[in-house]
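Just below is one structure, and these are the notes that go with it.
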Amino acid sequence: MSTPPANAASPNAREFEFADRDFRRVCELIYQRVGISLAPAKRDMVYGRLSRRLRALGMRSFSEYLDQLEAHGGDEWQAFTNALTTNLTAFFREPHHFEKLAEELRLRAGQGTLQLWSCAASTGEEPYSMAITACETFGTLKPPVRILATDVDTQVLATASRGVYAIDRVAGLDPAIRKRYFQRGTGPNEGHCRVNPALRDLIDYRPLNLLATRYDVGGPFDALFCRNVMIYFDKPTQRGILSRLIQHMGDDGLLYTGHSENYLHAADLIQPCGRTLYKRAPGAPA
C-alpha cells in the first residue's frame, strides 16, 4: 500500500491559518460589538464566513485580518458583523403571534396610528407579515399603523427594503394572500416576486445595534416583536436589552418573543401574559 509523500497537503488542511487564539479573539470582538456569544461548536461556521472576507481583502491569515480590523476597522467592522450574524426567518413564522397581533389591532382600532416594531427584522419577512396582518385586519392597504424594522446587519436590511424574494419563499402562503400582496416576476425576474409597494410604504427600515446604550426609535409601541434573537446573548446582555426595550413599550404594549426564549431571570422587567407574550412588569421603568 502506497503512502502519501511527507509534504502532501492534508485533505483537511485549511486555506487560512485559524488557531485557537484566533477563534477566541473573534468571539471576544463579536461579543463586544453586538453582544453575540459564540459557542465552541460555532468555530467552523466562523471560519467559513470570515474566510470570504480574508479572500476579498487579500489577507493571508486570520491573525492578519483581526489585526487590521482592530487597527483600522472602519467599514470592515460592519462587514465583520454582517458575516457573523444569523438570519433565519420566514413569512408568518410562529403564526399564533400574527393571530394575536390581529386581535390586538382590532381592540385598538380608533386609537390613532398604532406603532409596531420588529427589532430583528432580518430580510424583512417578519415586518412584511406584520404589515399584511394590519392590512387584512383593517381591510385596506393603508391601515392606521407604522412599522419600524431594525437590524444590526445592513445587508439584510437592504434585502428587506427591496422586498424581492424567491418565489418559493411565499409558496406556503394562502393563494389569496399571495395574489393581494405579492407581484410575480416575469421575463428576467421569473422565479421571484415583489411585495406590494403599499406594504413597503408602511415600514421604516433602519440599522440598530441592540447593544446601544439607548434606542433612538420613538414609540411608545403597541407591539414589539423581538423573536429568536435573544438566544444569541448571555443573560446579563439579555437583561440590558430588555431594560431598554421596555422603555419604548406602551402601557398596554406587548412584547412578542421566540418560542425557545425564557425570561424568568427578568421577572422584575417583564411578565408573561400569554404564549410567548410579555408585558412590562409592575414597577418596571417606563
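At R0 = 25 Å, how high is the FRET efficiency between GLN68 and ASP234 if r is their beta carbon distance? Nearest 0.05 is fine. Working shown, then result.
Details: r = 28 Å, r/R0 = 1.12.
Efficiency computed from Cβ-Cβ geometry: 0.35.
Output the 0 to 90 degree angle, nearest 10, between the alpha-carbon long axis of helix 43-57 and the longest principal axis computed from the alpha carbons of the chain.
With both axes taken from Cα atoms, the answer is about 80 degrees.
Cβ under 13 Å from ARG33's Cβ, ARG33 left aside: what net charge do those residues give with Lys, Arg +1 and Asp, Glu -1?
Net charge around ARG33: -3.
Mind checking which lysines have their C-alpha under 29 Å from LYS279, skipping anything on the same chain fewer than 8 residues away?
LYS100, LYS142, LYS235
If I stretch the segment between LEU264 and GLU28 completely, what's the gain in nm (0.36 nm per residue apart, minus their alpha carbon distance), one decimal?
On the way: separation 236, 0.36 × 236 = 84.96 nm, distance 2.65 nm.
Gain on stretching LEU264 to GLU28: 82.3 nm.
Give the peptides 224-231, 40-47 in descending order of average Cβ contacts within 10 Å, highest first. Please report the intermediate quantities before stating the final value.
Working: 224-231: 22.0, 40-47: 14.0.
Per-residue Cβ counts within 10 Å, averaged per peptide and sorted highest first, yield 224-231, 40-47.
Let me know the volume per residue of the alpha-carbon convex hull for the chain, in Å³.
In the chain, the Cα hull volume divided by residue count equals 190 Å³.
With Cβ to Cβ distances under 15 Å as the rule, what net charge do the other residues near GLY185 carry (K, R +1; D, E -1)? Before the final figure, lay out the partial values.
Values: positive: ARG162, ARG169, ARG178, LYS179, ARG184, ARG194; negative: ASP168, GLU190.
Local net charge: +4.
Check which residues have an amide H placed less than 5 Å from LEU254's amide H, if you skip close sequence neighbours.
Here ALA223, LEU224 satisfy the definition.
Could you tell me which of LEU107, THR133, TRP117 has its Cα farthest along the dipole of region 71-139 towards the positive end, charges placed at Cβ (Lys, Arg +1; Asp, Glu -1), taken about the Cα centre?
LEU107
Ranked from highest to lowest mean number of other Cβ atoms within 10 Å per residue, what is the order of the peptides 15-23, 129-137?
Working: 15-23: 14.1, 129-137: 23.2.
For the peptides 15-23, 129-137, the packing ranking is 129-137, 15-23.
Please list, in chain and number order, the residues 5+ apart from ILE270 or on another chain whose amide H is under 5 Å from its amide H, with Hs placed from the backbone.
Distant-sequence amide H within range of ILE270: ALA281.
Going by average Cβ neighbours within 10 Å, how do the peptides 48-55, 210-217, 90-97 rank, with the highest at the top?
With the highest mean Cβ count within 10 Å placed first, the list reads 90-97, 48-55, 210-217.
Would you pull out the residues with amide H under 5 Å of GLY185's amide H, same chain only if 5 or more places away, H placed 1.01 Å from N?
For GLY185, the qualifying residues are GLY191, HIS192, CYS193, ARG194.
Could you give the length gained on full extension between GLN155 and LYS142, defined as 0.36 nm per residue of separation minus the Cα-Cα distance, in nm?
1.9 nm
Can you figure out the FRET efficiency of GLN247 with GLU15, using R₀ = 41 Å and their beta-carbon distance, to the nearest 0.05?
Efficiency at R0 = 41 Å is approximately 0.35.
Check the straight Cα-Cα distances from LYS42 and name the aspartates and glutamates below 14 Å, setting aside those fewer than 8 residues away within the same chain.
The reachable aspartates and glutamates, counting only those whose Cα sits under 14 Å from LYS42, are ASP20, ASP22, GLU28.
Readers should treat all values here as calculations from the given coordinates under stated rules, not as data from a laboratory. What you are looking at is a predicted structure, and each value in this text was computed from that prediction instead of being measured. Note that each Cβ is placed from the backbone with ideal geometry, even for glycine, and that neighbours are counted across all protein chains shown.
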